[in-house]
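Peer 1: Sharing a structure with you now.
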Amino acid sequence: MSIETGAGTRGPAEYERGLEEGSGSVASFEAAGKTPLRRLQHFLHSYPTMIPFIVLLLGILLFSVLVGARFFTPFNLSLILQQVTIIGIIGIAQTLIVLTAGIDLSVGAIMVLSSVVMGRMAVISGVPYELTFVLGLLCGLACGAVNGWLVSYVKLPPFIVTLGTWLIFGALNLAYSQSETIRQQDIAAVAPFLQFTGGLALDFDRSWPL
């Protein structure tokens, strides 16, 4: 098929070549201006690590409005620090796992199991508290080694592995503790070292008036 023009006749190949040359130019549109919401969205996409910081600031502002000046009292702030310390320590280790494209769902069960091992060995079994502290750390190390072996050597998905070990460690915790609680007075009498930081925080709280 040929196309008649004023200059003569063009063949199919020449016509297709003209289409390909003309397709290189694409219409471009520029935004007239960015709204504040668009700028915020672009900023959060460029710096995603700022999202937790912004959420933290919004939470502080919200609770300061709801509770008032009592929220910023030393007693309340120290209480918040005590509650988030354990989660913060676990979160630091979890961050290293997430950065390497992994996940660990069993860290909470490992933490509880290690603390139960320390408490029961010191109070119930009569093991010296210096040794129970080391045994609790070794318990957590052994649980982590099981997860690491299954993921690294057996090549199982970390989500499936830690989901299963979470249930296993939780069951071991219930079996070993026998669903019994240890009184704070017993730990303070037998193993004061296990309550060292908690005792300091309690003394700090009592030194400030409500």
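The values are calculated or read from the model by the stated rules, or taken from the named source; none is laboratory data. What you see is a predicted model; the values in this text were computed from it and never measured. Virtual Cβ from ideal backbone geometry, glycine too; neighbours counted across all protein chains shown. Surface areas here come from the heavy atoms of the whole protein model, side chains and all, with no ligands, DNA or RNA. Shrake-Rupley method; radii C 1.70, N 1.55, O 1.52, S 1.80 Å.
Peer 1: For the range 172-191, how many residues are in contact with a Leu (Cβ under 8 Å, 6 or more places away or on another chain) and either open to solvent by less than 80 Å² (accessible area, probe 1.4 Å) or under 14 Å from residue 124 (Cβ atoms) (or both)?
Peer 2: Residues of the range 172-191 in contact with a Leu (Cβ under 8 Å, 6 or more places away or on another chain): 172-173, 176, 187.
Then keep just the ones that are either open to solvent by less than 80 Å² (accessible area, probe 1.4 Å) or under 14 Å from residue 124 (Cβ atoms) (or both); that gives 173, 176, 187.
Residues that pass the stated criteria total 3.
Peer 1: Residues to consider are 140, 148, 144; find the one that is open to solvent by less than 40 Å² (accessible area, probe 1.4 Å) and in contact with a helix residue (DSSP H, G or I) (Cβ under 6 Å, 6 or more places away or on another chain).
Peer 2: Working: 148 fails: in contact with a helix residue (DSSP H, G or I) (Cβ under 6 Å, 6 or more places away or on another chain); 144 fails: in contact with a helix residue (DSSP H, G or I) (Cβ under 6 Å, 6 or more places away or on another chain).
That would be 140, the only listed residue that is open to solvent by less than 40 Å² (accessible area, probe 1.4 Å) and in contact with a helix residue (DSSP H, G or I) (Cβ under 6 Å, 6 or more places away or on another chain).
Peer 1: OK, next. Restricting to the range 151-163, what's the tally of residues that are open to solvent by 80 Å² or more (accessible area, probe 1.4 Å) and under 13 Å from residue 105 (Cβ atoms)?
Peer 2: Count: 2.
Peer 1: Working only within the range 108-118, note down all residues that are without any contact (Cβ under 8 Å) to a residue 40 or more places away in the chain and either open to solvent by 40 Å² or more (accessible area, probe 1.4 Å) or within 17 Å of residue 163 (Cα to Cα) (or both). I'd like the intermediate steps shown before the answer.
Peer 2: Of the residues in the range 108-118, the ones without any contact (Cβ under 8 Å) to a residue 40 or more places away in the chain are 111, 114-115.
The answer is 111, 115.
Peer 1: For the range 68-105, which positions are open to solvent by less than 40 Å² (accessible area, probe 1.4 Å), under 28 Å from residue 164 (Cβ atoms) and part of a loop (DSSP other than H, G, I, E, B)?
Peer 2: Across the range 68-105, the qualifying residues are 102, 104.
Peer 1: If residue 196 satisfies every condition in (1) under 23 Å from residue 128 (Cβ atoms); (2) modelled with pLDDT under 75; (3) under 27 Å from the mean Cα position of the chain (by Cα); (4) open to solvent by less than 100 Å² (accessible area, probe 1.4 Å) but one, which is the exception?
Peer 2: In the conditions (1) under 23 Å from residue 128 (Cβ atoms); (2) modelled with pLDDT under 75; (3) under 27 Å from the mean Cα position of the chain (by Cα); (4) open to solvent by less than 100 Å² (accessible area, probe 1.4 Å), residue 196 misses (4) alone.
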